[in-house]
Amino acid sequence: MKILFFDTKNYDRESFTRELTGQPGIEVKFLKTELAPVTARLAQGYDAVCAFVNADISRGTIEVLHGCGVRLLLLRCAGFNNVDLDAAADCGIRIFRVPGYSPEAVAEHAMALALSVNRHLHKAYVKVRENDFSLGSLMGINFHQKTAGIVGTGKIGAAMARICHGFGMKVIAYDVHQNPELMDFATYVELDELLAASDLISLHCPLTDSTYHMINTESIRKMKDGVILVNTSRGALVKTDDLIEGIRAHKFFGVGLDVYEEEGPNVFEDRSDEILEHSVTARLLSFPNVMITSHQGFFTREALSAIARTTLENVHTFEHGGSSPNEVK
Ligand code: NAI
C-alpha cells in the first residue's frame, strides 16, 4: 500500500513515522502541499491519499485522484464536510476518518477559551509583562453555579459537559440525539431554551445544512446578555457578520473561537508578514473580549498519536476488506 500524505507538518511526520515502525507493507511519502484539484495529480501511482481538515476534496479533486488510481481517502481528522461524498461514491473511492481521537483535547481547549475570555487572560498576560499590575478591565465571573449550554453532545460535547459539571455548573444540552452518558447530570432542552438560559454556550455539533449559520442575529437575540460563546467545532456554525453585530451591541461577555468562517487560508500558516485584505477576522480581533486560536483544539500529543494509530488501522481495515464505523459513506 502506497500512501501520499498531503499538507504535512513536522509533527504529522513525526507521529506517523513513529506509528509506522514495524509496518513494512505501508510505504508513505509526506508532502507539504495541500490537496486540491491542481495538486491531486501528484497522487499518480499511489493507492491512497491522506488529507487533513482544510483540504479541498471537491468533485474536481476526487475525479483527478480517481484518474491517478487512488482507491482510498484517509482523513486524519474527524470532520468531513470538505469532501464531496457523492463524487467519491461515483468514483468508487472509499473514505475513512478518525472520528474520536481525543475528545478531551478539544473539550479542554473549549474550556481554556471560555476561561481565557472570562478572566481576560489574554489581556492580563500582556499587562503584567509591561509591569502593569493594575486590575482594571480584568474582572470576570464565577463559572461555579452558572449554566453551561452544550450544543451537540457527541464525543467532544459530552467531554465538555463533564468538564463544566466538574466546575460546579448546571449543564443543559441540545442535540438531535440524546447521549445517555450525560443523563446523570445534564438536562436536555430545546435550542431556544438553551440559548435563553445559558451563561456559557459551547458549540460541538458538526457542520451540516441544518447547523450552517445556526448562530445568527435571531439566535443571538435569544441569548442572555453577557453570555460567553465558544466555538471549537466549525466556523460556519456562526454567521460572522451577525456575531460582529452582536459583539458591537454588547451582547457578549466574551467570545472564544478556535474555528471561524474565514480560517481556510490561515489554518496552520504563518501569515505574519502579510497584509490581510477584506478580513472579518481582523475585525473580530479588534474587540477586546474576543479570543481566536487557529484550529488547535485537537493539538495535543495524545491526540496526534491516536490520529496516526487510527489512520493506520483504517488502512488495515481497507486492505482486509473489513467494515468499520470510521468509514464515511
Ligand atoms: P460527534 O459525531 O461525536 O458528535 C456530534 C454531535 O452533534 C452528535 O451527538 C450529533 O447528534 C449532534 N448533532 C448533529 N446535528 C445536530 C444539530 N442539528 N443540532 C444539534 N446537534 C446536532 O462529533 P465530535 O467528535 O464530538 O465532534 C464534534 C465536532 O467538533 C466535529 O464535527 C468537528 O467539526 C469539530 N472538531 C473540531 C476540532 C478542533 O480541533 N477544533 C477537532 C475535532 C473535531
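The table that follows gives values for the structure above.
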quantity	calculated
Close pairs (6 angstrom Cβ cut-off, 6 or more residues apart or separate chains): under 21 Å from F252 (Cβ atoms) and touching a residue at least 60 places away in the same chain (Cβ under 8 Å) in segment 199-212, within 11 Å of the ligand (Cβ to nearest atom) and β-branched (V, I, T) anywhere	S202/I150; S202/V230; H204/I156
Near pairs, Cβ below 8 angstrom, 6+ apart or cross-chain, from segment 284-302 (farther than 16 Å from V98 by Cβ and at pLDDT 95 or above) to any residue that is among the basic types (K, R) and more than 14 Å from the ligand (Cβ to nearest atom)	P288/K123
Within segment 277-307, tally of residues that are of a type in the set (A, V, I, L, M) and touching a Leu at 6+ places or on another chain (Cβ under 8 Å)	5
Selection count, segment 152-180, where residues are within 6 Å of the ligand (Cβ to nearest atom), part of a helix (DSSP H, G or I) and crowded, with 21+ Cβ neighbours inside 10 Å	2
All positions within segment 203-259 that are within 16 Å of the ligand (Cβ to nearest atom) and on the phi > 0 side of the Ramachandran plot	H213
Complete set of residues in segment 1-22 that are in a strand (DSSP E or B) and either β-branched (V, I, T) or surrounded by 16 or more Cβ atoms within 10 Å (Cβ to Cβ) (or both)	I3, L4, F5
Test: residue in segment 87-107 that is within 16 Å of the ligand (Cβ to nearest atom), touching a residue at least 60 places away in the same chain (Cβ under 8 Å), closer than 30 Å to I163 by Cα and among the aromatic types (F, W, Y)	yes
Residues satisfying the stated conditions in segment 142-160, i.e. farther than 16 Å from G254 by Cβ and of a type in the set (S, T, Y)	T153
Yes/no for F143 being in contact (Cβ under 8 Å) with a residue 40 or more places away in the chain and among the aromatic types (F, W, Y)	yes
Single residue of I275, I244 found to be over 20 Å from N82 (Cβ atoms), β-branched (V, I, T) and outside any helix (DSSP H, G or I)	I275
Pairs where the first residue, in segment 53-66, is within 16 Å of the ligand (Cβ to nearest atom) and the second is among the hydrophobic types (A, V, I, L, M, F, W, C) and assigned to a helix (DSSP H, G or I), C-beta under 9 Å, 6+ apart	I57/A40; I57/L65; I57/A87; I57/A88
From L200, L229, L207, L237, residue being within 19 Å of the chain's Cα centre (by Cα) and at pLDDT below 95	L207
Residues that are small (G, A, S), closer than 25 Å to L237 by Cα and more than 22 Å from the chain's Cα centre (by Cα), drawn from segment 58-87	A87
Residue in segment 149-159 that is modelled with pLDDT under 95, touching a helix residue (DSSP H, G or I) at 6+ places or on another chain (Cβ under 8 Å) and more than 30 Å from A308 (Cβ to Cβ) present	no
Failed item in (1) modelled with pLDDT of 90 or more; (2) loosely packed, with under 15 Cβ neighbours inside 10 Å; (3) among the small types (G, A, S), with G246 passing the rest	(2)
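The values are calculated or read from the model by the stated rules, or taken from the named source; none is laboratory data. Since the structure is predicted, the reported quantities are computational estimates derived from the model, not experimental observations. Note that each Cβ is placed from the backbone with ideal geometry, even for glycine, and that neighbours are counted across all protein chains shown.
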